[in-house]
1. Residues being touching a residue at least 40 places away in the same chain (Cβ under 8 Å) and assigned to a loop (DSSP other than H, G, I, E, B): count how many of those fall in the stretch 126-156.
2. Among the residues of the stretch 63-78, is any closer than 23 Å to ARG133 by Cα, in a helix (DSSP H, G or I) and either without any contact (Cβ under 8 Å) to a residue 24 or more places away in the chain or small (Gly, Ala, Ser) (or both)?
3. With (1) surrounded by fewer than 13 Cβ atoms within 10 Å (Cβ to Cβ); (2) away from the ligand (no atom under 15 Å from the Cβ); (3) in a loop (DSSP other than H, G, I, E, B) as the list, and ASP27 as the residue in question, which single condition is left unmet?
4. In the stretch 48-62, what count of residues is obtained for those that are over 15 Å from the mean Cα position of the chain (by Cα) and free of Cβ contacts under 8 Å to residues at least 40 places away in the same chain?
5. Restricting the stretch 30-46 to residues that are in contact with a Phe, Trp or Tyr (Cβ under 7 Å, 6 or more places away or on another chain) and open to solvent by 10 Å² or more (accessible area, probe 1.4 Å), which is nearest to PHE77 (Cα to Cα)?
Amino acid sequence: MQRIAVFPGSFDPFTLGHKAIVEEAIDLFDRIIIGVGYNNEKRGLVAPQKRVRLIEDVFKGNEKIEVQMYRGLTADFCRECGATFLLRGVRNAVDFEYEHNMQLINERLYPELTTVLFFTPPRYAAISSSIVRELVYFGGDPTQFMPDEIKLKDYL
Ligand code: ADP
């Protein structure tokens, strides 16, 4: 049986922290589906279709990784993908509390799903999509927090 993992998130935008999680996980699974969750009410910085395309560029040539957009419950998306692992990143105690709660809920919704948490490398621990969004909003340059494949002009 294939070990399929979903890495869900808003990825608005995808940062070096997110990339580090995928790189740590890649050898542990046969396939990783990066799920870009979106919500019609929340506009965000980058349109969901574009988030998908930018993340695809980051992992171009890696056949184990695919990127999909989804709406609704993450547990349902994992089930539809045939995934039995859910990947998340943890930067600090606040993330841990949140991820622990989500794990308890997801286990109720889809008992076959195992949540796997990865600790972020310390150099990426301060990076968040919301900080990148804020930098862009105030005219700063967030490129040092972004994978090389993603350029600032992609957001403007
Ligand atoms: P969500 O809106 O679902 O929290 P995000 O795109 O903000 O989605 O994050 C997706 C996942 O990546 C979450 O598990 C989050 O904790 C993790 N993450 C975000 N930034 C980092 C980082 N710098 N290092 C490691 N993990 C991170």
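The values are calculated or read from the model by the stated rules, or taken from the named source; none is laboratory data. None of these values were measured; they are calculated from a predicted model. So basically every Cβ, Gly included, is an ideal-geometry build from the backbone, and we count neighbours across all protein chains shown. Side chains are part of the model used for accessible areas, which takes the heavy atoms of the whole protein and leaves out ligands, DNA and RNA. Shrake-Rupley method; radii C 1.70, N 1.55, O 1.52, S 1.80 Å.
1. Matching residues across the stretch 126-156 total 7.
2. no
3. Unmet for ASP27, out of (1) surrounded by fewer than 13 Cβ atoms within 10 Å (Cβ to Cβ); (2) away from the ligand (no atom under 15 Å from the Cβ); (3) in a loop (DSSP other than H, G, I, E, B): (3).
4. The number of residues fulfilling the criteria is 2.
5. GLY37
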